[in-house]
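First comes the structure, then the notes that go with it.
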Amino acid sequence: MQRPNAAQLAYGSATVALATVALLLLSRTTTTLGIAVICAAGLLLGVLVAVTMPVRTRPVKTSAPPAPAAPAALGNEEIRIPAPRVRAGADTRIGS
């Protein structure tokens, strides 16, 4: 089974909370057994919503760059080093 994504977890959790509160308010039950049954129903409804949600079909973009195929492929490419960032007011703090 595939791991649930963030949307499935969010929708399932929101469904559990909202369905349980709504069912408790509508049924006006005060017994322990009634509250337990309503909580179980809310949990089952949340799991049903999370499982039946469509999953992402295209791959997720990651921030990590792809690994180079071979060290020889880097022969003509220039290695780029980012320049240091200077913040506003740095010249006033240095010497004067």
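The numbers here are math on the coordinates, done by the rules we state, and not lab data. Predicted model, so just to flag it, every value in this text is computed and none were measured. Neighbour counts run over all protein chains shown; Cβ positions are idealised from the backbone, glycine included.
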Fully extended contour minus Cα-Cα distance, from Thr32 to Val55, at 0.36 nm per residue: 4.6 nm
Efficiency of FRET from Cβ geometry, Ser63 and Leu9, R₀ 35 Å, rounded to 0.05: 0.95
3J(HN,Hα) from dihedral phi, region 2-13, Karplus parametrisation 6.51/-1.76/1.60, rounded to Hz, x for glycine, proline: 7, 5, x, 8, 5, 5, 5, 5, 5, 5, x, 5
